[in-house]
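See structure below.
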Amino acid sequence: MALPSYAGPLETFWYYAFRIICGMIFVFLISPLIIIIPLSFNVEPYFSFSQGMLALDPDAFSLRWYEEFINSERWMNALQNTFIVAVCSTFLSMVLGTLAALGLSRSELPFKGVIMGLLISPMIVPLIISAAGMFFFYSSIGVSQSYAGLILAHTALGTPFVVITVTATLSNFDNNLIKASASLGATPTYTFFKITVPLIMTGVISGGLFAMMTSVDEVVVALFIAGAEQRTVPMQMWAGIREQISPTILAVATLLVCMSILLLTTVEYLRRRSETIRGITPH
């Protein structure tokens, strides 16, 4: 919003001061990422800027660590595990979260606040507590140190994001559309897939993207649940820091940052598209 022409000296000062403060906070938050990205192109096996990099010497930059990531069997196995777990847990999170949000949207449902609190509790409870609880529970049912256990654990962590986004989408849902569909002879199943799902799909996909980012970035629960064969990329990065420090970790971190930016851009696009469909003009 532009500064109005009638603004006084105090309003003008706060207008620019507020933007300067926001800019400083943004720089503070983004600085670690800005440092990691150029370091991933360092030709030397160090976690610091060399004299050649500071002088912008082309010979000081290399794709060496990205090549090592691609050619490493250990990293490729971790990437494959991450992809399998993220896709499966995201799909389950989208299904369970959407069904839960649809149930919570019904006005006759009792104890909605309590149920909502339980559903989003994985976002509130400290992750180390959730990881310890999942470890003991999954060990008792025999799915610890397996793909099934890791997928279920990441599903539990990702489902709250789907519940929140779909619930927000359903808050502006016109239930008269369902009544109109029923009055025209449509079955509940047909109405759900042809009317309800298309209108809430933006929220479902947005929640699924958040669930995927949670799965790809999660390491604490994976350390408790996953075995040697289910090692994911974050687990491999953790092991690399503890056992053998290599700038390959910086290359992987840069790729994860790019992936996060891409997913967040997609979420923002879906949000704007949803506003356009509902006739809301973004400010």
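The values are calculated or read from the model by the stated rules, or taken from the named source; none is laboratory data. Small disclaimer: the values here were computed from a predicted structure and weren't measured. Cβ placement follows ideal geometry from the backbone for every residue including glycine, while neighbour counts extend to all protein chains displayed.
Suppose the filter is out of contact with any strand residue (DSSP E or B) (no Cβ under 9 Å at 6 or more places or on another chain), loosely packed, with under 15 Cβ neighbours inside 10 Å, of a type in the set (Phe, Trp, Tyr) and at pLDDT below 90; does residue 136 pass it?
no
Would you call residue 68 assigned to a helix (DSSP H, G or I), over 25 Å from the mean Cα position of the chain (by Cα) and within 21 Å of residue 241 (Cα to Cα)?
So residue 68 fits the description; yes.
Can you name the residue in the range 49-88 that is in contact (Cβ under 8 Å) with a residue 40 or more places away in the chain, aromatic (Phe, Trp, Tyr) and more than 26 Å from residue 225 (Cα to Cα) and is also surrounded by the most Cβ atoms within 10 Å (Cβ to Cβ) among such residues?
The qualifying residue surrounded by the most Cβ atoms within 10 Å (Cβ to Cβ) is 65.
A quick yes/no check of all residues on (1) modelled with pLDDT of 90 or more; (2) assigned to a helix (DSSP H, G or I); (3) among the hydrophobic types (A, V, I, L, M, F, W, C):
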position	(1), (2), (3)
206	no, yes, no
237	no, yes, yes
240	no, yes, no
246	no, no, no
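For the range 34-48, which residues satisfy the criterion of being in a loop (DSSP other than H, G, I, E, B) and either touching a residue at least 60 places away in the same chain (Cβ under 8 Å) or among the acidic types (Asp, Glu) (or both)?
Listed by number, the residues that qualify are 40, 44, 45, 46, 47.
Taking the condition of being surrounded by 13 or more Cβ atoms within 10 Å (Cβ to Cβ) and without any contact (Cβ under 8 Å) to a residue 24 or more places away in the chain, how many residues in the range 104-132 meet it?
The qualifying residues number 2.
Going by the conditions given, is residue 75 part of a helix (DSSP H, G or I) and touching a Phe, Trp or Tyr at 6+ places or on another chain (Cβ under 6 Å)?
yes
Examine the range 211-225 for a residue that is in the same structural domain as residue 112 (by TED's automatic domain parsing) and not in a helix (DSSP H, G or I), and state whether such a residue exists.
Looking for residues that are in the same structural domain as residue 112 (by TED's automatic domain parsing) and not in a helix (DSSP H, G or I), one finds at least one in the range 211-225, hence yes.
Regarding the range 158-166, can at least one residue be identified that is touching a Ser or Thr at 6+ places or on another chain (Cβ under 7 Å), hydroxyl-bearing (Ser, Thr, Tyr) and farther than 20 Å from residue 232 by Cβ?
Scanning the range 158-166 turns up at least one residue that is touching a Ser or Thr at 6+ places or on another chain (Cβ under 7 Å), hydroxyl-bearing (Ser, Thr, Tyr) and farther than 20 Å from residue 232 by Cβ.
Run residue 137 past the list (1) over 28 Å from residue 202 (Cβ atoms); (2) touching a residue at least 12 places away in the same chain (Cβ under 8 Å) and report the number of the one that doesn't hold.
Going through (1) over 28 Å from residue 202 (Cβ atoms); (2) touching a residue at least 12 places away in the same chain (Cβ under 8 Å) one by one, residue 137 breaks only (2).
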